[in-house]
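Please read the structure below before turning to the comments.
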Amino acid sequence: MVVKLLSCLIVLVAAVSGITDEQYYSMPRLFELDDYDECLGSRGAFCLGSFQLSSKKYSRLLDLTQQISEDKYKFNHTVINRGYCVTTTCAHISGEFLSEVFEECVQNITKTKYKLDAKLLSLEHCKTNSSPPQIPIDLYDIIFACIAGLILMGNVVGTAYDLLHNPDEKPNPYLMTWSLIQNWKRLTATYDKEDPRYEPLTPVHGLKALTLILVILAHSVIAHHMTYIHNPQFLEEKNVHPLSTILHNGTSVVQTFIILSSFLLAYNVLLTLETDPKTKVNFGLWCRLVVHRITRILPLNMFVVGLCATWWRFASAGPLWAPLVEAEAARCRRKWWTHALFINNLVEPDDRCLVQSWFLAVDMQLYVLMSLLLVILARCPHAVKILIGLFVTTIVANFFIAYYFELKSILFIAYPEYIREQYFGVPSFKWQYAAAWGSAPAAVLGLLLAFLHRSVPTTTDRLQQSTVFRVLYRLSVPCILLWIMGGYFIRDSNSRLTVALYTALDRPVFCLIVSTAMIGFFFRIDRLYWHVLTWRAWQILGRMSLSVLLVHWCYNLTLLAVKTNLARVSVFEIGGHLFASMFLTYVTSLPLYLMVEVPTQKTLQMLFSS
C-alpha cells in the first residue's frame, strides 16, 4: 500500500513539474560559447548569433522544446544562441563568407546531434584577428571628449582659485562652484544642524541609499538574464520560487523616490511660505521650480548618456561586448535628444538607452505637473481634501486604463524571456510600468504627505503617544515586505478584472504603507529605525543618489559583457556581481558628484537666478 502511494506521488510530482531533468537536458543547449581569446589568438574567426530551431517532419524533441518554451517561466528554447570559433569548430565547412560558414556549421551540428534544423535569426558579429579592435572614433566621441576636458579644466581652475585667492577678499562665486574643496564640503555637510526644521528629514538620505541598493540588486538579476549563461535552468527554477516575488514585484520600491520628490518639493515651498508669508505663489514661482529641477538633473543626466553613447564602447572587447554594450551605446546615440527633453519613455519606448532612465523621465514629467498643482493649492484651505480626491482619482483612472488596454503590473510580465529582451514590444512595460500615469498616485501622495506634515507640526508628542499610530507604524515596515510577497498568490491569475484591479492598487497601497513609515521616521516614533536611517554615511551616499542611479546599469552590463565564456548563475555569483557593481558605482559616482553634478548645477542656478 505504501509503495503504491509513493508511486502515485512520484507520478503526481512528474505531472505537476511537466518535464524531467533528463528531458530538459535532451534539448539543444540554450547557449554555447567557444573560447574567444584562444580563437582570435590563434588567428581564427569568431561568430556570434541566434538560430531558430525547426524540423521539416515531426520531431518529438522539437515538440518537447516547444512545449517547454510555452511555459512563461521558461526561456524560449526554440531559439538557440551560439558563439563559435568558425576556424576550429566549423573547420569541416568551407565557404567564402564567414556568416554563411557559421550558419551552415550550426545547422550541421544541430542536425547531426538533435535531428533539427537551425536557421540564422540574427548575426551579432563575425570577428577575426585582423578585424579592427574597436569602432573608429567619430565626431560624437570628439565632442564629448572636449566637453569632458572643459569640465576637468573647470575643476582644476576652480580648485586652484580656491587655494590661491585672498581670503580677505570676496571670492568669485562662479569659480568657487568648481572648487573640489567646496564641493567636498557640500557632500559631507550636515545641514540639519544649521536649520532645525530640516532635522526631521534626515532619514531621507537613508531611504534613498537603501532603495538604490535594492535597485542595483534587481538590475544585477536582470543583467544575468541578458548574457550567455551556463545554467539557464537556475533562473527558470528561481523564477517560480515564492521569494522571486521580492524581485519581480519589488520594483514598487522605486515609487519611494517619486514620493520623496513630490514631498520635498512641497515641503520646501510650504516652509518658505511659513517663513515669509509675503512670498508670491504664481506662474513665476512655478517656472523657477521647474528650472531648478532641470538644472538639478539635466547636466549629469546628459553627461552620463553622452559617456555611454561614446567612450563606453571602447572600454573593453569580447564575444558579448557588441550585443550588450555596443548595442546599448548605439541606442544612446539615437535617443540622446529624448533624454535631454525627458521624453525617452514616450518616444520609441522600446529603444531603451539605460533601462533605468525611464524613471528620470517620469519623475520630471510628474514634477512639472505636481509643482503646478502645488502653486494652485499652496494657500488653499481645502488642499488636503483635494489631494485625497486626486489620489483616489488617479487610482481609478489607472484601473480603467489597465482594464481597457489590458495592461498589467510588472508582476504579471516578469518572465525570463521578457526580462532577457528588456521587455521589448511589451505594452504593459511601456504604457503602465514606465508611464507617468502609472506613478501619478505616488506623486500626489507625496504632496499630500507634505501638507499633512506641515499642517500638524505640533503633533509629535501626540503621535508618539497614540497607540493606534504606533501600531500602524510598527506594522508598516514588515507590511512593505508582506505586500510585495502577497503578489505571489495572484501572479498567475487570468482574470482581466483581477489583473486590472491589482495593477491599479499595487503601487498606491505600497506607497500608503511607505508613507506611514515615513511619518514615523520623520516624527522619530522609533529610535531604532531613526538611528539606522540617520547613519552619517547614508547622508553622503544619499546625496550621490542621482550619480548612482545613472551609472550603476553600465557596470551591471560591463561586468558581464567582459566575460569570454559562459556565465554561471547562482546566488553567490549574483551576490558577487552586486557587490562589485556597487563598489564600482560608488567609486565612480564620487568624482561625478564633485566634478560634474554639483558645479554644473550651481553654475546654471546662478545664471538663471541672476
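Roughly how many debye, to the nearest 20, is the charge dipole of the chain about its Cα centre, given +1 on each Lys and Arg Cβ, -1 on each Asp and Glu Cβ, and no other charges?
Numbers: 51 positive and 44 negative charges, 320 e Å.
The dipole magnitude comes to about 1540 debye.
Can you tell me the FRET efficiency between His241 and Asn172 if r is taken as the Cβ-Cβ distance and R0 is 60 Å, rounded to the nearest 0.05? Walk me through the numbers before you get to the answer.
Numbers: r = 59 Å, r/R0 = 0.99.
Using R0 = 60 Å, I get an efficiency of 0.50.
Using θ = phi - 60° and the Karplus relation 6.51 cos²θ - 1.76 cosθ + 1.60, list the HN-Hα couplings for region 470-479 in order, rounded to whole Hz, with x at every Gly or Pro.
4, 5, 4, 5, 5, 7, 4, 5, x, 5
Subtract the Cα-Cα distance of Leu271 and Leu164 from 0.36 nm times their separation in residues, and report this length gain in nm to one decimal.
Details: separation 107, 0.36 × 107 = 38.52 nm, distance 3.82 nm.
That pair, Leu271 and Leu164, stretches by 34.7 nm at full extension.
Suppose accessible area is computed on protein heavy atoms with a 1.4 Å probe; arrange Glu100, Glu38 from highest to lowest.
On the way: Glu100 105, Glu38 125 Å².
Order by accessible area, largest first: Glu38, Glu100.
Leaving ligands, DNA and RNA out of it, rank Arg507, Arg527, Arg333 by accessible area with a 1.4 Å probe, largest first.
These residues rank, largest area first, as Arg527, Arg333, Arg507.
Specify which residue in the list Ile229, Thr251, Pro323 is farthest towards the positive end of the charge dipole of region 192-323, using unit charges on the beta carbon of Lys, Arg (+1) and Asp, Glu (-1), about the Cα centre.
Positive-end residue among those listed: Pro323.
Quick one: which of Lys72/Lys335; Lys185/Lys278; Lys56/Lys115 span more than 21 angstrom between C-alpha atoms?
Over 21 Å Cα-Cα: Lys72/Lys335; Lys185/Lys278.
For region 492-558, taking Cα atoms only, what is the radius of gyration to one decimal and the Dmax to the nearest whole Å?
Answer for region 492-558, Rg first and Dmax second: 17.9, 48 Å.
Please state, to two decimals, what the Cα-based radius of gyration of the chain comes to when divided by 2.2 N^0.38 Å (N = residues).
Dividing the Cα radius of gyration by 2.2 N^0.38 Å gives 1.08.
With all protein chains present, how much of the accessible area of region 375-495 (probe radius 1.4 Å) comes from carbon and sulfur, to the nearest whole percent?
On region 375-495, the fraction of accessible area on carbon and sulfur atoms equals 68 percent.
Going by amide H atoms built from the backbone, whose H comes under 5 Å of the H on Ile229, apart from near neighbours?
Distant-sequence amide H within range of Ile229: Ala567.
For Met606 and Phe283 in one chain, what is 0.36 nm times their gap in residues minus the Cα-Cα distance, to one decimal in nm?
Numbers: separation 323, 0.36 × 323 = 116.28 nm, distance 2.01 nm.
Full extension from Met606 to Phe283 adds 114.3 nm.
Fully extended, how many nm does the chain gain between Arg334 and Asn494 (0.36 nm per residue separation, minus their Cα-Cα distance)?
Values: separation 160, 0.36 × 160 = 57.60 nm, distance 3.76 nm.
That works out to 53.8 nm of additional length.
Just to verify a number: what accessible area does Asp34 come out at with the full protein assembly present, 1.4 Å probe, Å² rounded to tens?
40
Quick check: the distance between the Cα centres of region 87-162 and region 174-244, to the nearest angstrom?
The two parts, judged by their Cα centres, are 31 Å apart.
Which of the peptides 171-181, 48-58, 140-150, 353-363 is most tightly packed, and how do the rest follow, judged by the mean count of other Cβ atoms within 10 Å per residue? Let's see the in-between values first.
Details: 171-181: 17.4, 48-58: 15.7, 140-150: 13.5, 353-363: 22.1.
Ranked from most to least packed, the peptides come out as 353-363, 171-181, 48-58, 140-150.
Please list Lys278, Lys335, Lys111 from largest to smallest accessible area, probe radius 1.4 Å, with all protein chains kept in place. Provide the component values of the computation, followed by the final result.
On the way: Lys278 180, Lys335 5, Lys111 85 Å².
Order by accessible area, largest first: Lys278, Lys111, Lys335.
For region 131-261, with all protein chains present and a 1.4 Å probe, just round the carbon and sulfur fraction of the accessible area to a whole percent. Let's see the in-between values first.
On the way: 4510 of 6380 Å².
Exposed carbon and sulfur together represent 71 percent of the surface.
From the P(r) of region 111-211, can you give the percent of Cα pairs sitting at distances over 24 Å? Present the calculation step by step, with values, prior to reporting the outcome.
Details: 3256 of 5050 pairs.
Cα-Cα pairs in region 111-211 separated by more than 24 Å: 64 percent.
Probe of 1.4 angstrom, ligands and nucleic acids ignored: what's the accessible area per residue over region 344-460, in square angstrom?
Heavy-atom accessible area per residue stands at 39 Å².
In sequence order, what are the phi-derived ³J(HN,Hα) couplings for region 488-498 according to the Karplus relation 6.51 cos²θ - 1.76 cosθ + 1.60 with θ = phi - 60°, rounded to whole Hz, with x for glycine and proline?
These are the phi-based 3J(HN,Hα) values: 4, 7, 10, 5, 9, 5, 10, 6, 4, 5, 4 Hz.
The values are calculated or read from the model by the stated rules, or taken from the named source; none is laboratory data. These numbers were taken from a predicted model, which means no experiment stands behind them. Don't worry about glycine lacking a Cβ; one is built from the backbone with ideal geometry, like all the others, and counts go over all protein chains shown. Ligands, DNA and RNA are excluded from the accessible area calculation, which covers all protein heavy atoms including side chains. Shrake-Rupley method; radii C 1.70, N 1.55, O 1.52, S 1.80 Å.
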